[in-house]
Amino acid sequence: MTDEPPLRRRAAASRTGNDTHHPPSARPEPSDAGTEPTGSESVPLTAPREGTPEPIAQSEQLAEVVARFAAGAGPVALDAERASGYRYSQRAYLVQLRRGGAGTALIDPLPLPDLSALDAAIAEAEWVLHAANQDLPCLAELGLRPRRLFDTELAARLAGFERVGLAALTEQLLGFSLEKHHSAADWSSRPLPQSWLTYAALDVELLVDLRDALEAELARQGKSEWAAEEFAALVRTGARPPRVRAEPWRRTSGIHRVRGARAQARVRSLWYARDQIAARRDSAPGRVLPDSAIVAAAELDPKDEKTLLTLPGFGGRSVRRLARTWLAALDDARQLPDDELPVTPTVEGPPPPHRWAERDPAAAARLARCREVVLRLAGEHRLPPENLITPDTVRRIAWQPPEEITEASVAEVLRGYHAREWQIALLLPAFAEALLPLPTTPTTPPDPR
C-alpha cells in the first residue's frame, strides 16, 4: 500500500545504523485482538524519520506540497489539530499529512484556508485517520473531503481492542510509544513551539503502518467487510457539521439543580449572553463564564453587582468587567411574562427507559430482551455493543416495533435508523424474536368441586 518499507523492516534496518530515529521493536504481534502482547518494553518515538518539517504558510509552499503528494504513492495519513476548550469554533489550526514518497507536511490553515488543490491531488488515494468523525468536519471546511478512508480507531473497535487511542494502539501493535501530552494544547496560538510541531508530525508518522496492522487483524477475524461498510458510511456523513440543538442552553452542566421555570429562564438568558460574547471573541464559552457560575446566579438571582460578584465563578477580572452584562441578562429573565418562560420540551422518540415499566410494561420487557441479544452477540463477535447497534436504535425499535414482526420488517426498520447491512445480518433473527410478545400462559379455571 505504500512505497516505504513496513515499520518492522525499517526498525530492523535501524540496527545497522540506517535509521537514527527508530530503534528496533521487540514487541511480538498480538495473538488475539484486545490482548496486551508480551515482550520487551515499547520504544519511545521522539522524532519523525525525516525530522520535523516547518509549517507551510505560503501559497508557493502549498503548491510544492500539492505536487509532492500528487506524485506520492499509497494511502495518505491525515490529522488535524483544533483548539477545543480555547476557541468558540471547531476549526482546524494545523493539518498534518504523510504519504509514501512524499514525506510529512504540516500546513497552517490560518493563512491557507482553501486546500481544495490538495484535495484534488489526493482524491484517488485512501485517507487514513484516527477517530475520523472528530476531524472530518473541520477538514471539510478547508475543502478536504475523502472519497475512501480507513479509520484506525473504528477499525480497532471492530477488531475488539479494549484500548483504542492512537498511542495505545501504536504501542500494542507496532511497539512504539507516542507522547500525547500536547493533545489538549491551544493550537490556535502562534508561533507553535517546536515540541508541538514534532508531536503533530508524529501523529501521522505511523498511521499507515497502523492501518496495515489493523487491516490484517480485521481480515483474520473475518471483519473486513464490516469495516468497509463503516468507512463508507463515514465518507457519506462524516463531514457534516454537528446537528444544532433546538435549546442548547439546556445542556448547561448542573442545570438539574435549577428548579422552576423562572430560574431556568435565568439560565437561558445568561447562556445566550455568554454565547454572544464567546462567538464575538472566538473563545470557548467556559472561558468567558463557567457553567457553574450560570447555575449559581440562576439559583440566587442577584439584583446588584456586589451580590453577583460574591458568587462562585464571578471572581475573575474578565468576568467582573462584564458584571453589567450578566445583571442585564438576569433582569431580562426577571421581566419575562409567564407565557414566555421555558416549558418542558416535547421529547422526540421514546421516554427515558427507567419510566418504561410504569408506562408500558410490554415495551420494557422487549427492551430488556433486545439488550440481552445485543450484549450476547457483541460478546460473541468481540466488539463493543454500541458498534453492533446504537443504543438509541435499540430503544426506538423496542418502544415502537413494526406492526407485523418478521425478519424482513425488522430489517427495514433498522435500515431506516441507518443500521449497516453487516449489523442487520448479525442481529437477525435473534433481534426479531426478542421483539415478539411473550406467549401468555393460560390460566386453569378453578375446580368447581
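The values are calculated or read from the model by the stated rules, or taken from the named source; none is laboratory data. All values derive from a computational prediction rather than experimental measurement. Cβ: placed from backbone, ideal geometry, glycine included. Neighbour counts: every protein chain shown. SASA here: full protein model, heavy atoms, side chains in, ligands and nucleic acids out. Shrake-Rupley method; radii C 1.70, N 1.55, O 1.52, S 1.80 Å.
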Notebook entry, point to check: part of a helix (DSSP H, G or I), of a type in the set (A, V, I, L, M), over 30 Å from Ser188 (Cα atoms) and in contact with a helix residue (DSSP H, G or I) (Cβ under 8 Å, 6 or more places away or on another chain): does that describe Leu270?
Noted result: no
Check: farther than 23 Å from Arg321 by Cβ, in contact with a Phe, Trp or Tyr (Cβ under 6 Å, 6 or more places away or on another chain) and buried (at least 19 other Cβ atoms within 10 Å of the Cβ): does that describe Arg211?
Finding: yes
Margin query: For segment 368-407, which positions are of a type in the set (S, T, N, Q) and either outside any helix (DSSP H, G or I) or crowded, with 18+ Cβ neighbours inside 10 Å (or both)?
Written below: Thr390, Thr393, Gln400, Thr406
Margin query: Among the listed residues Leu367, Leu383, Leu330, identify the single one that is without any contact (Cβ under 8 Å) to a residue 40 or more places away in the chain and of a type in the set (A, V, I, L, M).
Written below: Leu367
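The rows are residues; the columns are (1) of a type outside the set (Phe, Trp, Tyr); (2) at pLDDT 95 or above; (3) under 30 Å from Gln221 (Cα atoms); (4) touching a Phe, Trp or Tyr at 6+ places or on another chain (Cβ under 6 Å).
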site	(1), (2), (3), (4)
Leu309	yes, yes, no, no
Thr325	yes, yes, no, no
Ala333	yes, yes, no, no
Pro342	yes, yes, no, no
Glu358	yes, no, no, no
Ala364	yes, yes, no, yes
Glu380	yes, yes, yes, no
Leu388	yes, yes, yes, no
Next item on the list: May I ask you to verify whether Arg287 is part of a helix (DSSP H, G or I), basic (Lys, Arg) and open to solvent by 10 Å² or more (accessible area, probe 1.4 Å)?
Entry: yes
Notebook entry, point to check: How many residues are in contact (Cβ under 8 Å) with a residue 40 or more places away in the chain, touching a Lys or Arg at 6+ places or on another chain (Cβ under 8 Å) and in a helix (DSSP H, G or I) when one looks only at segment 225-258?
Noted result: 6
Item checked: Among (1) touching a residue at least 60 places away in the same chain (Cβ under 8 Å); (2) open to solvent by less than 30 Å² (accessible area, probe 1.4 Å); (3) closer than 26 Å to Val258 by Cβ, the one test that Pro350 misses -> (1)
Notebook entry, point to check: How about segment 172-196: which of its residues are in a loop (DSSP other than H, G, I, E, B) and crowded, with 21+ Cβ neighbours inside 10 Å?
Noted result: Gly175, Leu178, Trp187, Leu192
Check: Given the structure, is Ser253 buried (at least 20 other Cβ atoms within 10 Å of the Cβ), touching a helix residue (DSSP H, G or I) at 6+ places or on another chain (Cβ under 7 Å) and of a type outside the set (A, V, I, L, M, F, W, C)?
Finding: no
Checklist line | Within segment 408-422, considering residues that are touching a residue at least 60 places away in the same chain (Cβ under 8 Å) and in a helix (DSSP H, G or I), the one nearest to Gly379 (Cα to Cα) | finding: Trp422
Note to self: Can you list the helices (runs of 4 or more DSSP H) lying wholly within segment 315-367 that have 1 or more residues being under 30 Å from Ala430 (Cβ atoms)?
What the structure shows: 356-359
Next item on the list: Those residues that are of a type in the set (Lys, Arg) and open to solvent by 20 Å² or more (accessible area, probe 1.4 Å), I need them from segment 88-117; list them, please.
Entry: Arg91, Arg99
Notebook entry, point to check: Any idea how many residues of segment 151-168 are more than 15 Å from the chain's Cα centre (by Cα) and under 20 Å from Glu225 (Cβ atoms)?
Noted result: 4
Check: How many of the residues in segment 55-104 are without any contact (Cβ under 8 Å) to a residue 24 or more places away in the chain and of a type in the set (Asp, Glu)?
Finding: 2
Check: Filtering segment 118-171 down to residues that are among the small types (Gly, Ala, Ser) and over 29 Å from Pro44 (Cβ atoms), which residue is surrounded by the fewest Cβ atoms within 10 Å (Cβ to Cβ)?
Finding: Ala120
Next item on the list: Within segment 297-314, work out how many residues are surrounded by fewer than 20 Cβ atoms within 10 Å (Cβ to Cβ), in a helix (DSSP H, G or I) and either touching a residue at least 12 places away in the same chain (Cβ under 8 Å) or within 34 Å of the chain's Cα centre (by Cα) (or both).
Entry: 2
